[in-house]
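Okay, so here's the structure we're looking at.
The values are calculated or read from the model by the stated rules, or taken from the named source; none is laboratory data. Quick caveat: nothing in here was measured; it's all calculated off a predicted structure. A quick note on method: Cβ atoms are made from the backbone with ideal geometry, for glycine too, and the neighbour counts reach across all protein chains shown.
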Amino acid sequence: MAGVINSDEVHRLLKLIFRVTKGKSYTCVEQYEDDDEQEEKKSVYIVTFQDGSVIRDKIKRLCESFTGKLYDLPSAADLNVQMERMKNTIKDNKAVYENTRQLLRQQLMEFDTIHGDAVDSNTSSTIYVYKMFLAKEKALYQTLNLMKSQNQSFIGYFWAPHQDQDTIQGQMANQTATKIVAFDNHCITPPTYFKVTDLTMIFQMIVDTYGIPTYQEASPVLVSMVTFPFMFGMMFGDMGHGSIILMMGLFLTLMADKLRSTALAPALMGRYILLMMGFCSTYCGFIYNEFFALSLNLFDSCYDLESRTQQETAGVPYGEYTYMRKGYECNYPMGVDPVWALSTNKLTYTNNIKMKLAVIFGVLHMTIGILIKGTNTLYHRQWASFVTEVIGGLIILLFLIGFMDVLIFLKWFEPLDIDTPEGAI
């Protein structure tokens, strides 16, 4: 007796057969491989026992209780005949499979054959024509499902820009069974539509990830085209790293037409934002005086680098060097004086500057956002939102955080001599 069961039940089957036959049987089990990895592993078993109706019925009921199939083996005389018949069946099935495969391959090659002038770029293969036909049919029925059937006609509503109304009317003029009528008697809020260019498209996508402006609201895209790259430059201010991004953006911008048919085509969408972020990062790195985290002596330092002193004990100098300024009126032309790279408190000094710049531009950025909100509330006459959100937001922002900007500017414009004890404090 033979059968097929799951591989995880083999051990239990062997134990039960041994108990039922009291050890007077021999069971051979072998697992066979299946190409489908998701299917459960199967095993084939053959039980050999002394012939007898009682023991045969017990083994049969036992094997049928397991998930799988049970097969009766033919007699020894018919076994070779059955095996030969099975081999012929497998051979015939393989021949049918191979013939079907060849016919299908030939049919697909005929579908893929380009008809007409192969040099003409307007010709296409049959399979591509079928693909486009199915795509159009699918789009057509999807649109019809959105319409309402009435008196053998379909009625549907759609939004379109007002400036494209004449173009739509002209395209539908040849369709005698189609009629387009403007319908304004509704209270539905129209969807938002922004005309984008290659420059504004990526910034519009960034704004849309946070929220799409409602109909006739002011879009912050124009403001974000300036603030987003500049904020990135403030966080990533380095002349070396910024110049790499700048060169990448410059390369994609200048070579855009030649790269549209290459693997870099998806990156062309962000060429302008890379160019602007690279420029702002390089500029802020120039302000921070950092080139791959190293300071450059681009201009003449206000400190005498050759005249330096150290503290002394019993005539033995120790500690860090002290550099003296050339004069009280000396100011580094632009950015941070490179002498700070030689000090032990360089990070404390530069992080202090960056923190203050972050507070100033952060408050400025949030104030611009509240003002844009104010223009929207005034346009839509939402007076409650104007008082509670705009005026209240400005008061909270400027009085809680904005006063720090005033203190920062007062400190910057206060004339101090750092060579005196009062200035050092």
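Data table
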{"read-out": "Asp208 being part of a loop (DSSP other than H, G, I, E, B), exposed (fewer than 15 other Cβ atoms within 10 Å of the Cβ) and not assigned by TED's automatic domain parsing to the domain that holds Tyr379", "value": "no"}
{"read-out": "Candidates Gly52, Gly68, filtered to the one that is closer than 30 Å to Thr27 by Cα, at pLDDT below 85 and in contact with a helix residue (DSSP H, G or I) (Cβ under 9 Å, 6 or more places away or on another chain)", "value": "Gly68"}
{"read-out": "Top-ranked residue in the stretch 59-80 [being touching a residue at least 24 places away in the same chain (Cβ under 8 Å) and assigned to a helix (DSSP H, G or I); ranked as surrounded by the fewest Cβ atoms within 10 Å (Cβ to Cβ)]", "value": "Lys60"}
{"read-out": "Pairs with Cβ under 9 Å, 6+ apart, first in the stretch 81-100 and free of Cβ contacts under 8 Å to residues at least 24 places away in the same chain, second of a type outside the set (A, V, I, L, M) and not in a helix (DSSP H, G or I)", "value": "Val81/Pro74; Gln82/Pro74"}
{"read-out": "Failed criterion for Ser281 (all others in (1) surrounded by 19 or more Cβ atoms within 10 Å (Cβ to Cβ); (2) part of a loop (DSSP other than H, G, I, E, B) hold)", "value": "(2)"}
{"read-out": "Unique match (being assigned by TED's automatic domain parsing to the domain that holds Lys411 and of a type outside the set (Asp, Glu)) among Thr282, Thr313, Thr350, Thr309", "value": "Thr350"}
{"read-out": "Residues being in a strand (DSSP E or B) and surrounded by 13 or more Cβ atoms within 10 Å (Cβ to Cβ) - total across the stretch 288-303", "value": "2"}
{"read-out": "Residue, modelled with the highest pLDDT, within the stretch 308-352, restricted to residues that are farther than 24 Å from Glu290 by Cα and of a type in the set (D, E, K, R)", "value": "Glu329"}
{"read-out": "Filtered residues of the stretch 220-241 (kept if buried (at least 18 other Cβ atoms within 10 Å of the Cβ) and part of a loop (DSSP other than H, G, I, E, B))", "value": "Pro220, Gly237, Asp238"}
{"read-out": "Residue, surrounded by the fewest Cβ atoms within 10 Å (Cβ to Cβ), within the stretch 269-278, restricted to residues that are closer than 19 Å to Met231 by Cα and not aromatic (Phe, Trp, Tyr)", "value": "Gly270"}
{"read-out": "The listed residue being among the hydroxyl-bearing types (Ser, Thr, Tyr) and in a strand (DSSP E or B), out of Tyr321, Tyr332", "value": "Tyr321"}
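Residues are listed down the side, and each one gets a yes or a no for (1) over 17 Å from Tyr193 (Cβ atoms); (2) in the same structural domain as Tyr215 (by TED's automatic domain parsing); (3) surrounded by 10 or more Cβ atoms within 10 Å (Cβ to Cβ); (4) without any contact (Cβ under 8 Å) to a residue 12 or more places away in the chain:
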{"site": "Leu140", "(1), (2), (3), (4)": "yes, no, yes, yes"}
{"site": "Thr143", "(1), (2), (3), (4)": "yes, no, yes, no"}
{"site": "Gln152", "(1), (2), (3), (4)": "yes, no, no, yes"}
{"site": "Gln165", "(1), (2), (3), (4)": "no, no, yes, no"}
{"site": "Asn174", "(1), (2), (3), (4)": "yes, no, no, yes"}
